[in-house]
Amino acid sequence: MAGALKALLAVASSLDAALPSWMVVAGAVAGWAAALAPAAALSSRLSTSYRGLSAPVRIEWLSRVVSNLHAVVLTPALAAAVFGDASLAAGGPLSAGPAVHGLLKVGLGYFLYDAVLVTVYRRTISAPGQTLFHHALVLSSVSWVLSVRLPLATVWAALLFLTEASTPFVNQRWFMAIRHRQSRAYKITGVTMTVAFFVARPLYIPFACVWMLRQRVLRDGLTTSQLQVLMAIGVIATVGLYALNIYWFSLMARGLSKALRGGSGESGGVPAGKRPRVGTGAAGAAAVASGVVREEKRRLGPSPTSVSVNSDSAWIRREETLPVGNGLLKRRQPVS
């Protein structure tokens, strides 16, 4: 593992030195998008759950597979680059800057790819507004960091990327929800997801900021105006991301509390006075019959594609049962 991380950091450093930023980012966008194809092939071959999904839900499934790949590659690499920097640990200057910049370009490519995917599938991907707000913060912040290349900004961006460590836990709960929603393992996975999200985001972000500010060497050589701009941008972006993560976590905690009190975290009905958002007439019937509205067309919470960046509030759902042929099909309703 250590050898693989060392090799990855060397490749990232080489990319940063050898190629223009736009070329690395464009290549990363293409690479993450291309990863959808093998993800689809493997999912179709290995998962009966995937084979039973409608096209819109398959897009969500595949986007989660790619987000897992992004998390398991970039998170340990950036952690090794920052916390494993011998020079920084000894009180010297950051020596892993080129490697971190290369990894940030790859991460920037991921968020660009994901923003495009969310925009294209905004009618079937949940909470596109929240997701695009999150992505806009990340894209603008990381682009600025790569333009100024100051050690303090570089470390700040790398530390915030480490929040992606919670993504695989969020995605695993979503995968299990398709066929194992009533199982004990599903509830355990939901608890694990909620705890992991809290540790990796609401708890970790303040710790990361304090740790970074204690590294005085990162501020060496900065003028007063540079430090003021750094702090202003850092505070705005960090507070925006932190507030969004607190909101997502509050939804998780609310659902977890309901689940631990004996429920599944879902309510069986639609609130009085509120009409479910379900198509009516021939068009609505055709949509349901075709499977477009199958597992979930709309759900509360952050985008399934981000991980960031994205929590999942799937604990908290209301469902309406719709008759389809000889069986029943549940369409999840957003909680208001």
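The values are calculated or read from the model by the stated rules, or taken from the named source; none is laboratory data. Keep in mind that what you see is a predicted model, and the values were worked out from it rather than measured. Note: ideal-geometry Cβ built from the backbone for every residue, glycine included; neighbour counts use all protein chains shown. Just so you know, the surface numbers come from the protein's heavy atoms only, side chains and all, with ligands and any DNA or RNA stripped out. Shrake-Rupley method; radii C 1.70, N 1.55, O 1.52, S 1.80 Å.
Within the set Leu244, Leu222, Leu260, Leu256, the sole residue that is more than 25 Å from the chain's Cα centre (by Cα) and surrounded by 14 or more Cβ atoms within 10 Å (Cβ to Cβ) turns out to be Leu222. Checking each residue in segment 7-23 for being among the aliphatic types (A, V, I, L, M) and part of a helix (DSSP H, G or I) picks out Ala7, Leu8, Leu9, Ala10, Val11, Ala12, Leu15, Ala17, Ala18, Met23.
Taking first residues from segment 1-22 that are of a type in the set (S, T, N, Q) and partners that are outside any helix (DSSP H, G or I) and open to solvent by less than 70 Å² (accessible area, probe 1.4 Å), the Cβ contacts under 9 Å between residues at least 6 apart in sequence or on separate chains come to Ser13/Ala96. Quick check, is Phe161 in a helix (DSSP H, G or I), of a type outside the set (D, E, K, R) and under 19 Å from Ser95 (Cα atoms)? Yes; evaluated as a whole, the condition is true for this residue.
Checked against (1) closer than 23 Å to Pro168 by Cα; (2) in contact (Cβ under 8 Å) with a residue 60 or more places away in the chain, Leu94 passes all but condition (1). Considering the conditions (1) within 23 Å of Ser49 (Cβ to Cβ); (2) within 20 Å of the chain's Cα centre (by Cα); (3) in contact (Cβ under 8 Å) with a residue 24 or more places away in the chain; (4) open to solvent by 30 Å² or more (accessible area, probe 1.4 Å), Ile125 is excluded by exactly one of them, (4).
Residues that are assigned to a helix (DSSP H, G or I), under 17 Å from the mean Cα position of the chain (by Cα) and buried (at least 20 other Cβ atoms within 10 Å of the Cβ): does segment 78-87 have at least one? Yes, the conditions are met somewhere in segment 78-87. Going by the structure shown, is Val66 under 18 Å from Ser14 (Cα atoms), within 20 Å of the chain's Cα centre (by Cα) and in contact (Cβ under 8 Å) with a residue 24 or more places away in the chain? For Val66, the condition - under 18 Å from Ser14 (Cα atoms), within 20 Å of the chain's Cα centre (by Cα) and in contact (Cβ under 8 Å) with a residue 24 or more places away in the chain - is not met. Of all the criteria given as (1) more than 16 Å from Asp114 (Cβ to Cβ); (2) modelled with pLDDT under 95, the one not satisfied by Ile59 is (1). Scan segment 190-207 and tell me whether some residue there is in contact (Cβ under 8 Å) with a residue 12 or more places away in the chain, in contact with a His (Cβ under 8 Å, 6 or more places away or on another chain) and open to solvent by less than 30 Å² (accessible area, probe 1.4 Å). No; the residues of segment 190-207 include none that is in contact (Cβ under 8 Å) with a residue 12 or more places away in the chain, in contact with a His (Cβ under 8 Å, 6 or more places away or on another chain) and open to solvent by less than 30 Å² (accessible area, probe 1.4 Å).
Yes or no: Phe169 open to solvent by less than 10 Å² (accessible area, probe 1.4 Å) and either farther than 28 Å from Ser21 by Cβ or not in a helix (DSSP H, G or I) (or both)?
On the way: open to solvent by less than 10 Å² (accessible area, probe 1.4 Å): no; either farther than 28 Å from Ser21 by Cβ or not in a helix (DSSP H, G or I) (or both): yes.
Considered against the rule, which asks whether it is open to solvent by less than 10 Å² (accessible area, probe 1.4 Å) and either farther than 28 Å from Ser21 by Cβ or not in a helix (DSSP H, G or I) (or both), Phe169 comes out as no.
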